[in-house]
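Have a look at the structure below before the remarks.
Readers should treat all values here as calculations from the given coordinates under stated rules, not as data from a laboratory. Because the structure is predicted, anything quoted here is derived from the model rather than measured. So basically every Cβ, Gly included, is an ideal-geometry build from the backbone, and we count neighbours across all protein chains shown.
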Amino acid sequence: MAELRLSGEVFYPNADAAKSSRVPDWEAVRKQAERDYEGFWAREAKELHWFEPWTKVLDDSKKPFFKWFVDGKTNIVYNCLDRHVQTAHRNKLALMWEGENGEFRSFSYFALRREVCKCSNVLRSLGVVKGDRVTIYMGRIPELPIAMLACARIGAVHSVVYGGFTVEALAERIEDSQSKVLITCDGAYQRGKVVPLKQISDEALQRAGTVESVLVVKRTGQAINMEEGRDMWYHELMNLPVASNNCQIEVVDAEDPLFMLYTSGTTGKPKAILHTHGGYMVGTYSTLKYVFDIREEDRYWCAADPGWITGHSYIVYGPLLNGTTS
């Protein structure tokens, strides 16, 4: 496999498959992008919604620090949900989930937007504002992408921590990101066992002192510690009047932060990688469209964990940006 990666060999689909794909002539697209890469990305970006257009596609005056879609105003969640809800897509399946124990849940674009708005309003009621960091430490359940989208909708920056990480890893990421809120579960099912996520969270919070509020999703129903004044049940808050079905979207700059995701730490201390609304949105939208050849009518499955960048891009944001079913 390593030799294959380094060989530079390119594998093309057969002619019939290429003709029916979204990129019938890959070489033509590649040459076009090489010849005018700013024009290429501008055309891609125009397929998405912007509240205000950009004044410059790429600012590379301070390499290696690049700015994409300078002065543009958008929000990735508007493009993932709101623009679809305004069309016949509102009743199309956005998300399908099957749990380890055989449970099944599904959300149309309309229903997913409603849940995201409710969660966004809950976060706002807890004092979360644009730029605040929110750590998400969950099992693989629908509330995880809902929480991600809820943060992004109001301009908060989500930091998803893989549900298999230890107390030390969670504490380090909470402390480094200076998170204001932690969203977790009582526990998670994994390979037939229950992982005590809330217990791990409690131990991590003894080491990381920035979190003011903890939202707990009831997943396993096990007995857990709930600290008064800090810990709250997610489902109880989602049933309060404050959790209304509509939430005003935060218009953000293209360069405003969307999420932080930490490197694995195998070669040193984990480092926070920061992605922004504009550049990440356009890049992820285009990758799923061209490389994966995903169409609106497809039902698409990705085996990754949402706690990693592949899950962020190709379970949550990419499919929703393209209006498909994940």
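Tabulated values for the structure
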quantity: Compactness index (Cα Rg / 2.2 N^0.38 Å), the stretch 233-317; calculated: 1.39
quantity: Cβ-based exposure ranking for H275, H84, in which fewest neighbours within 10 Å come first; calculated: H275, H84
quantity: Any cysteine of the chain lacking a neighbouring Cys Cβ under 4.7 Å - listed by number; calculated: C80, C119, C151, C185, C302
quantity: Projected label distance in nm at R22 and Y290, using a 7 Å step from Cα toward the beta-carbon; calculated: 1.1
quantity: Total lysine pairs under 26 Å (Cα atoms) in the stretch 191-273, excluding pairs fewer than 8 apart on one chain; calculated: 4
quantity: Counting all C-alpha pairs of the stretch 2-321, share separated by more than 35 Å (%); calculated: 23
quantity: Relative contact order of the chain, defined on C-alpha pairs under 8 angstrom at six or more residues apart (%); calculated: 18
quantity: Nearest-20 debye value, the stretch 182-326 charge dipole, Cβ charges on Lys, Arg, Asp, Glu; calculated: 580
quantity: Test item: Cα-centred dipole of the stretch 2-321, Lys/Arg +1 and Asp/Glu -1 on Cβ, debye; calculated: 340
quantity: Computed [θ] at 222 nm, helices only, for the chain once each DSSP H run of length n ≥ 4 contributes -39500 (n - 2.57); calculated: -9000 deg cm²/dmol
quantity: Segment R90-K62, extension gain: residue separation times 0.36 nm, minus the distance between their alpha carbons; calculated: 5.9 nm
quantity: Kirkwood hydrodynamic radius (C-alpha pairs) into Stokes-Einstein, the stretch 114-229, 37 °C and 0.692 mPa s, D in µm²/s; calculated: 234
quantity: Most positive-pole-ward Cα, V167, F110, Y37, against dipole of the chain from beta carbon charges; calculated: F110
quantity: Sorted by Cβ neighbour density within 10 Å, fewest at the top, the residues C80, C117, C302; calculated: C302, C117, C80
quantity: Options H277, N322, G311, ranked by Cα towards positive dipole end of the stretch 250-326, top entry (Cβ charges); calculated: G311
